[in-house]
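Reviewing the structure listed below.
The values are calculated or read from the model by the stated rules, or taken from the named source; none is laboratory data. What you see is a predicted model; the values in this text were computed from it and never measured. All Cβ positions, even for glycine, are placed from backbone atoms using ideal geometry, and neighbour counts span all protein chains on display. Please note that ligands, DNA and RNA were not included when accessible areas were found on the heavy atoms of the full protein model with its side chains. Shrake-Rupley method; radii C 1.70, N 1.55, O 1.52, S 1.80 Å.
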Amino acid sequence: MSKNVRKPEKKEKDFSDKIIKILSKNTNKAFNYKQIAAILEVDDTKSRNEIIRDLKILASQKKIEEIEPGKYLIKVISQDYYDGTIDMTGRKTAYFVCSELEEDVFIPTNNLNRALDKDNVKVYVYNRRKGRRPEGEVIEVIERKKTDFVGVIDIQKNFAFVSTANPKMYTDIFIPKDKLGEAEQGDVVLVHIEDWPKRADSPFGAVIKVLGKPGEHDTEIHAILAEYGLPAEFPMEVEVYAQKIDTTINEAEIKKRRDMRDTLTFTIDPKDAKDFDDALSFKKLENGNYEIGIHIADVSHYLQEGTILDDEAYQRATSVYLVDRVVPMLPEVLSNFACSLRPREEKYTFSAVFEITEKSQVVNQWFGRTVIFSDQRFSYEETQHILETKGDKIPDEISITGKSYQVPSVIVAATLKLDQLAKILRRERMNNGAISFDKVEVKFNLDNQGEPEGVYFKISKDANHLIEEFMLLANKKVAEYIGKQKKTFIYRIHDEPNEDKLIAMQTVIAKFGYKIDFRNKGDISKSLNALLNEVSGKKEQNLIDTLAIRTMSKAKYSTDNIGHYGLAFDYYSHFTSPIRRYPDVMVHRLLQFYLDGGKSVDQEKYEAKCLHSSTMEGLATNAERDSIKYMQVKYMQNHNDQEFLGVISGVTEWGIFVEIIENKCEGMVRIREIKDDYYTFDEKQYALVGATTKALLQLGDEIYVKVKNADLVKKQLDFNFIRRNV
């Protein structure tokens, strides 16, 4: 709908959708207009006449049947009607996804009938003849996936429109004058769709929050959160409740726990971490084995079920790690203080304690609540220094004296031994078919105003792997302990790779001279590991790492354990991060309940909690990616005149995606902007082909580009093609 048209006039009510819903719920019962009016709670003559009219229209459309004068029955749904999900493209068309169908169904623009991306819909499928692409028409929107949207408001004299930057949102949202709130022209706003009249081109909405002016840093970050329905702050009543929690360490509670305060304990975390939810303890036993404790913040001690604090944590389900801030799952009094395993402080923990041999074999295990004293905090960088120098050169800043021993010498020895044991655990995982995804993470150096000053890459080293292996061990053993009892539990599961995606990946990597072995599940994992190792440090690494990750199924939470393919574990759960993940809190509660002799809990109830947790994790991941893309665009705004060497990371009929090698920022070169020839897209070669020269621009090619446009609102980079790197 054009933004310059006048406000639509009010039209007659349309009861068609409501009639269909009533009759669909009562397929064996016929209704007359009076019964339908009663159900809809309308008693005015005008509305009753409109119901009579719509009944006749639906009957003429053969959607309902008049079985006797004035009495109507829903027509039995044939095999051509299906329930499923709408997957919008960026061209105002969509595909209908349904598990009952062998392939996705194309939905033309004029058949969307007000359905939006990811809505649950009923679709009539036609054109199913052999060799023809099936098409469909949305008959009913069963449930909206989302009704709140972020966009920029354009205010006219008597009404306004909000347009979003989401390419899959194909319509503006009409805002009546009395629903503008405090919005001003050009503001970024959060709007709620209240209705979409059948004869209106756009949905009707109301402004529920003004986020700020486009392009401003806080506006765009808050817009990212709002787009995914993620909160930016805690409700006041939750903050007040959290502040009143007793966070003291008292003797009465200590007596209920295993006291491990005299065991050497330390944390290893990123240098900028504010919450420390895991610690390691180390003790050499008289028999030559090692007692290694994985101690996790006992969040469930403070987070009591049935409280407003627990309700808030469950709804959030996860902390959100944006490029310039963390939106925590728990208020700061817990996340950064009471639950954080800060150095030189006693803390309540939930622990997995293992007796481990020199060959990293677990010969004894214990799970339960503990109290610890963290002797020292290390960063990954400090730990890596210890590992690389074998403890010969210790930085002054970590040389402090402990209670009855010199901390550095004791911790250095413990760290070196833990590293040896972790390497054995890691090697065993890899031999069992685990896949090693050490994808490079892009990070930004930000100034005090949150402006990007530079880019650096986060790479996992031995220090990271040390912590990772012992966290994995705890997660695995906790899940195994409950799983073998056949009791309801929350697992972190990961299915086998998607075969179609593996085949598509093979087509791409073959251009670089690589291949994947498809013979069996074990061969696939070994082949992928060999591939990832082979491309390490090469120009195509990030592209192939990304393609490999995309072949994988998404890990999720479930009470139905199918194992974890990527880790090669038969049992796996999330036990080690309850400050930032609600499933870990539930795992702690269930583990303690079963340790106390409790019977298996209701699986259906916990499966619903798993689904919610997985959904929220997905939203948080999308928000995190958007924030990185936003910061990349912001960073590149300041480099308009600079030439960059990039690698072609994607090819489409509209142009090529180019990833800049030195900073991993990705943008598009439109096909019409490449002036040295007339190019067309060759789908088989994943390349653009020059009409005259027959020159190719294909995946992995290096080219020089300049920034043409950096759009902060759309989080989109456009490049100009400069020349090939020859």
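Set side by side, the residues I52, I77, I39, I57 differ, and just one is open to solvent by 30 Å² or more (accessible area, probe 1.4 Å), among the hydrophobic types (A, V, I, L, M, F, W, C), at pLDDT below 85 and over 30 Å from W654 (Cα atoms), which is I77. Screening K417 with (1) at pLDDT 95 or above; (2) within 20 Å of A279 (Cβ to Cβ); (3) basic (K, R); (4) open to solvent by 40 Å² or more (accessible area, probe 1.4 Å) gives one miss only, at (4).
A residue that is of a type outside the set (G, A, S), under 18 Å from T576 (Cβ atoms), touching a residue at least 40 places away in the same chain (Cβ under 8 Å) and assigned to a loop (DSSP other than H, G, I, E, B) cannot be found anywhere in segment 452-475. Name the residue, out of L688, L717, L645, that is surrounded by fewer than 16 Cβ atoms within 10 Å (Cβ to Cβ) and either in a strand (DSSP E or B) or on the phi > 0 side of the Ramachandran plot (or both). Exactly one residue qualifies, and that residue is L645. So V508 ticks every box in (1) of a type in the set (V, I, T); (2) more than 23 Å from the chain's Cα centre (by Cα); (3) modelled with pLDDT of 85 or more but one. Which box is left unticked? Result: V508 fails condition (3) only.
Just checking, which of D602, D596, D584 is closer than 30 Å to K347 by Cβ, of a type outside the set (S, T, Y), open to solvent by 30 Å² or more (accessible area, probe 1.4 Å) and modelled with pLDDT of 95 or more?
Details: D602 fails: closer than 30 Å to K347 by Cβ; D584 fails: open to solvent by 30 Å² or more (accessible area, probe 1.4 Å).
Result: D596 is the single residue among D602, D596, D584 that is closer than 30 Å to K347 by Cβ, of a type outside the set (S, T, Y), open to solvent by 30 Å² or more (accessible area, probe 1.4 Å) and modelled with pLDDT of 95 or more.
One residue stands out among those in segment 80-89 that are open to solvent by less than 50 Å² (accessible area, probe 1.4 Å) and of a type outside the set (F, W, Y): the one that is modelled with the lowest pLDDT, which is D80. Scanning segment 320-355 for residues that are small (G, A, S) and open to solvent by 10 Å² or more (accessible area, probe 1.4 Å) yields one hit, A338.
Residue by residue, here is whether (1) within 30 Å of I628 (Cβ to Cβ); (2) open to solvent by 60 Å² or more (accessible area, probe 1.4 Å) holds:
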position	(1), (2)
F149	yes, no
T164	yes, no
D172	yes, no
I175	no, no
G181	no, yes
K198	no, yes
P203	no, no
I224	yes, no
L230	yes, no
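Of the residues contained in segment 209-220, one or more are found to be in a strand (DSSP E or B), of a type outside the set (K, R) and crowded, with 18+ Cβ neighbours inside 10 Å. All conditions in (1) open to solvent by 50 Å² or more (accessible area, probe 1.4 Å); (2) at pLDDT 95 or above hold for I292, with the sole exception of (1).
Residues in segment 356-366 that are part of a strand (DSSP E or B) and either crowded, with 20+ Cβ neighbours inside 10 Å or out of contact with any strand residue (DSSP E or B) (no Cβ under 9 Å at 6 or more places or on another chain) (or both): 1 in all. For segment 122-140, the condition holds for at least one residue, the condition being that it is in contact with a Leu (Cβ under 9 Å, 6 or more places away or on another chain), open to solvent by less than 40 Å² (accessible area, probe 1.4 Å) and at pLDDT 90 or above.
Here is a list: Y302, Y314. Which entry is aromatic (F, W, Y) and touching a Phe, Trp or Tyr at 6+ places or on another chain (Cβ under 6 Å)? Steps first, please.
Numbers: Y302 fails: touching a Phe, Trp or Tyr at 6+ places or on another chain (Cβ under 6 Å).
Of Y302, Y314, the one residue that is aromatic (F, W, Y) and touching a Phe, Trp or Tyr at 6+ places or on another chain (Cβ under 6 Å) is Y314.
Cβ-Cβ distances below 6 Å connect the following pairs, each with a first residue in segment 676-694 that is in contact (Cβ under 8 Å) with a residue 40 or more places away in the chain, a second residue that is hydrophobic (A, V, I, L, M, F, W, C), and a separation of six or more residues or different chains: Y686/V651; Y686/L699.
Residues of segment 221-230 include at least one that is at pLDDT 95 or above and within 30 Å of Q592 (Cβ to Cβ).
Listed here are the residues, each with its yes/no results for (1) among the small types (G, A, S); (2) open to solvent by 40 Å² or more (accessible area, probe 1.4 Å).
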residue: A242; (1), (2): yes, no
residue: E251; (1), (2): no, yes
residue: K255; (1), (2): no, yes
residue: D262; (1), (2): no, yes
residue: D272; (1), (2): no, yes
residue: F276; (1), (2): no, no
residue: F282; (1), (2): no, no
residue: L285; (1), (2): no, yes
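In segment 461-487, the residue that is least open to solvent (accessible area, probe 1.4 Å) out of those that are of a type in the set (D, E, K, R) and farther than 18 Å from F593 by Cβ is E469. Among the residues making up segment 619-639, those that are in contact with a strand residue (DSSP E or B) (Cβ under 9 Å, 6 or more places away or on another chain), closer than 16 Å to Q449 by Cα and of a type outside the set (S, T, N, Q) are M631, K634, Y635.
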